[in-house]
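Colleague: Sharing a structure below in structure tokens format, with a few things to ask.
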Number of protein chains: 2
Amino acid sequence: MATDKIGLAEEAVRSTGARMTRPRVMVLAVLFAAERALTHAEVEARLPRAAEVDRVTVYRVLEWLVDNHLAHKIAGDDRVRRFNAASHAHAGPHAHFQCSDCGEVICLEEAGAKPAVKLPVGYKQQQVELTIKGLCAGCVPASKPRTVARHHH
Amino acid sequence: MATDKIGLAEEAVRSTGARMTRPRVMVLAVLFAAERALTHAEVEARLPRAAEVDRVTVYRVLEWLVDNHLAHKIAGDDRVRRFNAASHAHAGPHAHFQCSDCGEVICLEEAGAKPAVKLPVGYKQQQVELTIKGLCAGCVPASKPRTVARHHH
DNA sequence: GCCATTAGTGCAATTGTGTTGCAATATTCG
DNA sequence: CGAATATTGCAACACAATTGCACTAATGGC
Ligand SMILES: [Mn+2]
Ligand SMILES: [Mn+2]
Ligand SMILES: [Zn+2]
Ligand SMILES: [Zn+2]
């Protein structure tokens, strides 16, 4: 499943200078192999049975990956955090899409520059986040009879 | 506290055509009187003692206000939802600021147009959200000795 | 104004995601 | 190898939000 990403993950973890542990490598490999942002539960589900990583450890590893710039975290409307490997494709700042039905999150390429906004005096800007909300392909009500089953919920 | 807003709130609730109830009026009045987006807990705390609205009802009323376009909901990084009355000032789409320390959310005027983004085929855009993250005036580490106590947490 | 209809509410229990404390384990470095 | 200590596993916890259901009250017709 994420087997071919393990080498990459090991290298990435080693590059931080911190200890290289199985949970860190396996979780990052799962993120590398993912086509979209994953929730904690999804990461856990995608870990190979043999990996056996504790729930709490997965939480801590995900946090650690974000702190070490190996992943980024997206806070969704549904109170669930989703994580993406910080790959080359999405190295810089970029926009996100979130499905308002199933919660799916994907990274987007950004066309123009982000608009400037004026903050009240004393406020300090750190980061600008642009999120498109809408329906993913799986959640758009089909005009023609549906062939695929609705994914989650 | 929110006494002078009650009339406005009554009118707004009535305008939806749905039943006018004390919880709806009181909660909306609290939002009208607020200078920033409020969490459920903050709304509850600002309701006059005499109002006596159940916790769950406050949740349901807030949701109802959003569905009826009398308020809008902002999902923060801290997994807490915040609500703002949909006043004239912030009738249209606008950006938000969220403090990454205390979680405070305020509405912002937007300067330029929102940048266009291209969605994958089959995806449908509903809404664009722009959020500035940073530190609010109360949370910016003071260069000069602090006089005001750190607000919340 | 009274009453029937039913939308809205209160209360208790429950869910779901994420956190904390602490003892046990495993990585790294000399 | 063995010490130092970063990381993990486990259990308990925190807390916003949701659900089920019986009870209450707003509304509209009479
Ligand atoms: Mn991303
Ligand atoms: Mn707003
Ligand atoms: Zn979807
Ligand atoms: Zn703040």
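The values are calculated or read from the model by the stated rules, or taken from the named source; none is laboratory data. Everything quoted here is computed from the prediction, not taken from an experiment. Counting neighbours? That spans all protein chains shown, and the Cβs are built from the backbone with ideal geometry, glycine included. Just the protein is used for accessible areas: all its heavy atoms, side chains included, with ligands, DNA and RNA removed. Shrake-Rupley method; radii C 1.70, N 1.55, O 1.52, S 1.80 Å.
Colleague: Using amide H atoms built in the peptide plane, which far-off residues or other-chain residues are under 5 Å from B:Asp101 H to H?
Modeller: B:Cys136
Colleague: Out of the DSSP beta bridges found with both residues in segment B:3-134, what percent are antiparallel (nearest 5)?
Modeller: Working: 11 of 15 bridges.
So the antiparallel bridges amount to about 75 percent of the total.
Colleague: What distance in nm separates the two pseudo spin-label positions at B:Val80 and A:Arg55, each 7 Å out from Cα along the beta-carbon direction?
Modeller: Each label point is offset 7 Å from its Cα along the Cβ direction, giving 2.4 nm.
Colleague: Compute the signed sum of charges (Lys and Arg +1, Asp and Glu -1) over the other residues within less than 9 Å, Cβ to Cβ, of B:Gly103.
Modeller: Numbers: positive: B:Arg82; negative: B:Asp77, B:Asp78, B:Asp101, B:Glu104.
With Lys, Arg at +1 and Asp, Glu at -1, the neighbours total -3.
Colleague: Follow-up question, since we're still on this one. More than 17 Å apart: what percent of Cα pairs in segment A:18-128 qualify?
Modeller: Working: 3569 of 6105 pairs.
So the pairs more than 17 Å apart make up 58 percent of the total in segment A:18-128.
Colleague: Pick out which of A:Ala86, A:Ala41, A:Ala142 has the largest mean-square fluctuation in a Gaussian network model of chain A, springs linking Cα atoms closer than 10 Å.
Modeller: For chain A, modelled as a Gaussian network with Cα springs under 10 Å, the answer is A:Ala142.
Colleague: If you don't mind, another one. Calculate the spin-label point distance for B:His88 paired with B:Glu11, positioning each point 7 Å from the Cα along the beta-carbon direction, and give it in nanometres.
Modeller: Between B:Glu11 and B:His88, the simple spin-label model gives 1.0 nm.
Colleague: Let me ask another. Need one number: buried accessible surface between chains B and A, 1.4 Å probe, both sides summed, DNA, RNA and ligands left out, in Å² to 100.
Modeller: By this definition, chains B and A bury close to 3400 Å².
Colleague: Oh, and also: Per residue, how many Å² of accessible area does segment B:1-83 show with a 1.4 Å probe?
Modeller: Working: 4620 Å² over 83 residues.
Here the per-residue accessible area is 56 Å².
Colleague: Something else now. Can you send over the solvent-accessible area of A:Glu11, 1.4 Å probe, protein chains only, in Å² to the nearest 10?
Modeller: 120 Å²
Colleague: Summing Lys, Arg as +1 and Asp, Glu as -1, what charge do residues with Cβ under 12 Å from the Cβ of A:Ala9 carry, A:Ala9 excluded? Please report the intermediate quantities before stating the final value.
Modeller: Working: positive: A:Lys5, A:Arg14, A:Arg22, A:Arg24; negative: A:Asp4, A:Glu10, A:Glu11.
Result for the neighbourhood of A:Ala9: +1.
Colleague: Using the Karplus equation 6.51 cos²θ - 1.76 cosθ + 1.60 (θ = phi - 60°), what ³J(HN,Hα) coupling, rounded to whole Hz, does each residue of segment A:19-33 give in order, writing x for Gly and Pro?
Modeller: Ordered by residue, 3J(HN,Hα) equals 5, 9, 10, 4, x, 4, 5, 5, 5, 5, 4, 4, 5, 4, 7 Hz.
Colleague: While we're looking at this one, here's another question. With springs only between Cα atoms under 10 Å, which of B:Val27, B:Val58, B:Val105 fluctuates most in a Gaussian network model of chain B?
Modeller: Between B:Val27, B:Val58, B:Val105, it is B:Val58 that shows the largest mean-square fluctuation.
Colleague: Now for a separate question. HN-Hα J couplings of segment A:4-9 from phi, Karplus 6.51/-1.76/1.60, θ = phi - 60°, integer Hz, Gly and Pro as x?
Modeller: Whole-Hz 3J(HN,Hα) from phi for segment A:4-9: 6, 9, 5, x, 4, 5.
Colleague: What 222 nm value per residue comes from the helices of chain A, counting each DSSP H run with n ≥ 4 as -39,500 (n - 2.57) and dividing by all residues, nearest 500 deg cm²/dmol?
Modeller: On the way: 4 runs with 42 residues, N = 153.
Rounded to the nearest 500, the figure is -8000 deg cm²/dmol.
Colleague: Could you identify which residue out of A:Ile74, A:Ile106, A:Ile132 has the top mean-square fluctuation in a GNM of chain A using Cα springs shorter than 10 Å?
Modeller: Of A:Ile74, A:Ile106, A:Ile132, the most mobile in the Gaussian network model is A:Ile132.
Colleague: So who's got an amide H within less than 5 Å of the one on B:Ala71, skipping anything under 5 residues away but keeping other chains? H placed 1.01 Å off N, in plane.
Modeller: B:Val66, B:Ala86
Colleague: Shifting gears a bit: For A:Cys99, B:Cys107, what's the largest-to-smallest order of accessible area, 1.4 Å probe?
Modeller: Details: A:Cys99 5, B:Cys107 25 Å².
Ranked from most to least accessible, the order is B:Cys107, A:Cys99.
Colleague: What residue among B:Leu62, B:Gly122, B:Ala89 has its Cα farthest toward the positive end of the dipole of segment B:3-134, where the charges are +1 on Lys, Arg and -1 on Asp, Glu, each on the Cβ?
Modeller: Checking the options against the dipole of segment B:3-134, the answer is B:Gly122.
Colleague: Residues of segment B:123-138 with accessible area at least 50 Å² lower in the all-protein-chain context than alone (1.4 Å probe)?
Modeller: B:Tyr123, B:Lys124, B:Gln126, B:Glu129, B:Leu130, B:Ile132, B:Lys133, B:Leu135
Colleague: From the backbone phi of segment A:43-55, what are the Karplus-calculated ³J(HN,Hα) couplings (6.51 cos²θ - 1.76 cosθ + 1.60, θ = phi - 60°) in whole Hz, Gly and Pro given as x?
Modeller: 4, 4, 5, 8, 5, x, 2, 5, 5, 6, 10, 5, 3
Colleague: Does the protein assembly as shown come out rounded, prolate or oblate, given a ≥ b ≥ c as the square roots of the eigenvalues of its C-alpha gyration tensor, rounded meaning a/c under 1.5 and, failing that, prolate meaning a/b above b/c? Mind dumping the intermediate values first?
Modeller: Numbers: a/c = 1.89, a/b = 1.51, b/c = 1.26.
Cα axes put the protein assembly as shown in the prolate bin.
Colleague: Amide H neighbours of A:Glu129 under 5 Å, counting only residues 5+ apart in sequence or on other chains, H built in-plane at 1.01 Å?
Modeller: Answer set, sorted by chain and number: B:Thr131, B:Ile132, B:Lys133.
Colleague: Sequence gap at least 6, Cα distance under 8 Å: using those rules, report the relative contact order of segment B:5-153 to the nearest whole percent.
Modeller: Details: 176 pairs, mean separation 26.9, N = 149.
The value is 18 percent.
Colleague: I need the inter-copy label distances for A:Glu42: point set 7 Å along Cα to C-beta, values in nm with one decimal, smallest first.
Modeller: List, nearest first: 3.1 nm.
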